[in-house]
1. Could you check region 118-129 and list, in sequence order, the residues that are more than 14 Å from residue 142 (Cα to Cα) and either out of contact with any helix residue (DSSP H, G or I) (no Cβ under 9 Å at 6 or more places or on another chain) or not in a strand (DSSP E or B) (or both)?
2. Which condition from (1) free of Cβ contacts under 8 Å to residues at least 60 places away in the same chain; (2) on the phi > 0 side of the Ramachandran plot is the one that residue 126 breaks?
3. Residue 68 is checked against (1) surrounded by fewer than 17 Cβ atoms within 10 Å (Cβ to Cβ); (2) under 20 Å from residue 153 (Cβ atoms); (3) without any contact (Cβ under 8 Å) to a residue 40 or more places away in the chain and fails just one. What number does that condition carry?
4. Testing residue 89 on (1) surrounded by fewer than 18 Cβ atoms within 10 Å (Cβ to Cβ); (2) under 22 Å from the mean Cα position of the chain (by Cα); (3) within 16 Å of residue 207 (Cβ to Cβ), one condition comes back false. Which one is that?
5. Exactly one of these conditions fails for residue 108: (1) under 21 Å from residue 203 (Cβ atoms); (2) under 20 Å from the mean Cα position of the chain (by Cα). Give me its number.
6. Taking the conditions exactly as written (modelled with pLDDT under 90, out of contact with any strand residue (DSSP E or B) (no Cβ under 7 Å at 6 or more places or on another chain) and closer than 18 Å to residue 138 by Cα), does residue 201 satisfy them or not?
7. Among the residues in region 162-176, are any part of a strand (DSSP E or B), modelled with pLDDT of 90 or more and at negative phi?
8. Pick from 43, 76, 88, 50: which is without any contact (Cβ under 8 Å) to a residue 60 or more places away in the chain and within 26 Å of residue 186 (Cβ to Cβ)?
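The values are calculated or read from the model by the stated rules, or taken from the named source; none is laboratory data. Keep in mind that this is a model prediction, so the values were computed, not measured. As a convention, Cβ positions derive from the backbone with ideal geometry for all residues, glycine included, and neighbour counts pool all protein chains shown.
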């Protein structure tokens, strides 16, 4: 009974507020100016620093040849035989670099590491923007234990709003049905306040950034 009474009181306040509207006391608030200070360092450096602060791994590659060498070094270090790939553009790139990969659908559930592209890298938070508009779809961003992202320096932007503006220009009226901002490996401390890595997605995140700007 008390719960119903409380509910009715709240609804009455809402109705009264809608009927007797008050003048906005904050008319002169500027909602267009960023609340963040300007990033003084280069956006690529800021991204790398923030990514590593969130336990992600950043690998700079001066060109695609260096990308291939760094990927092979990771395969050797981790003792992985190959990566799982479902993106034709990534497949073609890995083939040209001589990097082994797996794309047999029957082996999908056995994958340890998956490799994808991304939409943008956001230097403010060290975050990676991905979407269902990429050939990797949705599952490659959450299923593998280790997620490897190939990006280019031209994809680095300072703020999330810059990435969203770029998405609108790129996709126009074919906007992806899903976008995700990845900030470091998946983690949670919901259970007994104990940090658990890989709870909702990959426990390792590697971002390889190829320099494509002179």
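1. 119, 123, 124, 125, 126
2. If we test residue 126 against (1) free of Cβ contacts under 8 Å to residues at least 60 places away in the same chain; (2) on the phi > 0 side of the Ramachandran plot, just (1) comes out false.
3. (1)
4. Result: residue 89 fails condition (3) only.
5. (2)
6. yes
7. No, region 162-176 contains no residue that is part of a strand (DSSP E or B), modelled with pLDDT of 90 or more and at negative phi.
8. It is 76.
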